[in-house]
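Only one structure is covered here, and it is reproduced in the block below.
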Amino acid sequence: MRKALLLLLFCFLIVDGAAAEIPDGYTVAVQSNNLDLYYLKEDASILIHDKRSGYTWNSSYDIDDPIVEKTNRLWKGSMRSLVNMIYTNFTEIMIANPVTAGAVLDIEPIPQGLHITYFFEELAISFGVVITLIDDALRVSIPVSEIREEANFGITKIRVLPFLGAAPNSEDGYILYPDGSGALYRFREETYRPRKELSWNVYGTDLTNLDLWLETQHLEQ
């Protein structure tokens, strides 16, 4: 039984960067004091423009980049998708993205952001994604009430904004892992390239005291 509302909060730090031009086709959805949210009607890709630094965050990676020229169709679709869906036919686990699967999109402007509905027709699966700008932060949620699984397939995981801020090793930048005091993985470092997802459990099947659970976790290195 689904009990929780998936909520992701992205806070954007001020970074050095020249003013970026917004690509053709993007429409402004909402503006806050320091951020502008744009979206592309074609595939629901989003841009977050930081007016303080001029830097623009993109939810999609440029599939015309020579670095990904030989990447297969599924990965290229994932790079252009706002979400990736992991699902099962209760025999095996599979992955789909709206671009490759040809999902039907419905994009509705709402106060402070966007409401996007994805419908995977062949799987009879649909769900909504709510994107808002609140207090100069990007918030993304998947309302439980909008999840529909009406055939012989079930969702096991939804990856939200999997390529937000993605960059090749040639870029001069880094990823912040919010573990303890924080750790930095710089793109150009050759000594450590993680190949797996990093994830931590928050709620378990038999945990009733979240504060106590958090006190027992020692993740920093």
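The values are calculated or read from the model by the stated rules, or taken from the named source; none is laboratory data. Worth saying up front: this structure is predicted, and the values here are computed from it rather than measured. Positions of Cβ are backbone-derived with ideal geometry, glycine not excepted, and every protein chain shown enters the neighbour counts. Side chains are part of the model used for accessible areas, which takes the heavy atoms of the whole protein and leaves out ligands, DNA and RNA. Shrake-Rupley method; radii C 1.70, N 1.55, O 1.52, S 1.80 Å.
For the peptides 153-161, 167-175, residues were scored by their other Cβ atoms within 10 Å and the scores averaged per peptide; the highest-first order is 153-161, 167-175. Under the simplified labelling scheme, the residue 75-residue 89 pair shows an inter-label distance of 2.5 nm, with each label point 7 Å from Cα along Cα→Cβ. With all protein chains in place and a 1.4 Å probe, the accessible surface of the range 20-75 carries 46 percent carbon and sulfur. Overall dimensions of the range 16-121, expressed as equivalent-ellipsoid semi-axes from the Cα gyration tensor (√(5λ), whole Å, largest first), are 28, 19, 11.
Taken over the alpha carbons of the range 60-168 as equal point scatterers, the Debye sum produces base-10 log I(q)/I(0) values at 0.10, 0.23, 0.24 Å⁻¹ of -0.32, -1.31, -1.37.
Peptide packing for 128-139, 27-38 was compared via the average number of neighbouring C-beta atoms within 10 Å per residue; ordered from the highest value, the list is 128-139, 27-38.
Summarised as an ellipsoid, the range 28-89 has semi-axes of 26, 16, 9 Å, derived from the eigenvalues of the Cα gyration tensor scaled by 5 and square-rooted, with the largest first. Dividing the mean sequence gap of close Cα pairs (under 8 Å, 6+ apart) by how many residues the range 23-100 holds gives a relative contact order of 20 percent.
Note on residue 186 and residue 32: with the Förster distance fixed at 30 Å, the Cβ-Cβ geometry gives a FRET efficiency of about 0.55.
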